[in-house]
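The values are calculated or read from the model by the stated rules, or taken from the named source; none is laboratory data. Predicted model only: the values in this text are computed from it and were never measured. Accessible surface is based on the protein model in full, side chains and every heavy atom, while ligands, DNA and RNA are left aside. Shrake-Rupley method; radii C 1.70, N 1.55, O 1.52, S 1.80 Å.
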Amino acid sequence: MTSTPVVHETALSRLLFADTRLSLLWLALRLYVGWAWLQSGWHKVGDPAWVGASAGQAVTGFLRGALGKASGETPQVSGWYAWFIENVALPNAPVFSYLVAFGEIAVGVALILGLFTGIAAFMGGLMNANYLLAGTLSTNPLLFILATWLVLGWRVAGWLGLDRWVLPRLGVQVSDGAPDTSPREPSQT
């Protein structure tokens, strides 16, 4: 009878992504990323070119600028993404305008509160990836990296937030807060 191989989490991985002793570090990271998203979304919600009677104007300008980066000797936007912009995003610019503005606020609020931290960070990273695919740098590379770390550290990133109480009520096992001291089985080759 063969046993199923078990891959144990390394001590470093457990320390970084599951140990509540680093919860203050994760809180600072989460608040920084959350505040960046909240500010960005708040500016858009207050702008009629994003939300309101003229919704879609700002996102149309952004998307047309991205399409301009899809041609030339060294395009900054891939052909497949230019197709998406032209055939999906631009014809639905008002919808995308609202999704972006309120999506940024939702990600920011969720990260600041530490509520569904992993999901919020993933959605923020997804927005960052789309901005990067559209040829926009700004703070997107940094926020994408930090969002990826928050996704990896979801078990402890919301420990000093609402995740600590909400996730267990939903049946999700979060960090127990203790360092891993379990004995390791010898690896079988």
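Values computed for the structure shown
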{"read-out": "Order of exposure, largest accessible area first, which applies to Ser78, Ser138 with probe 1.4 Å", "value": "Ser138, Ser78"}
{"read-out": "Folded to 0 to 90 degrees: helix 23-45 orientation relative to the chain principal axis, Cα", "value": "20 degrees"}
{"read-out": "Debye log10 I(q)/I(0) for the range 1-83, one point scatterer per Cα, at q = 0.13, 0.22 Å⁻¹", "value": "-0.78, -1.01"}
{"read-out": "Residue-averaged 222 nm ellipticity for the chain, from DSSP H runs of 4+ at -39500 (n - 2.57), nearest 500", "value": "-18500 deg cm²/dmol"}
{"read-out": "Estimated translational D of the range 75-114 in µm²/s (Stokes, Kirkwood radius over Cα pairs; 10 °C; 1.306 mPa s)", "value": "135 µm²/s"}
{"read-out": "Where Rh is the Kirkwood radius over Cα pairs, Rg/Rh for the range 61-160", "value": "1.04"}
{"read-out": "Compactness relative to 2.2 N^0.38 Å, alpha carbon Rg of the chain", "value": "1.27"}
{"read-out": "Value of Rg/Rh across the range 130-179 [Cα atoms, Kirkwood radius]", "value": "1.17"}
{"read-out": "Pairwise centroid distance, computed over Cα atoms, of the range 22-74 with the range 115-149, Å", "value": "10 Å"}
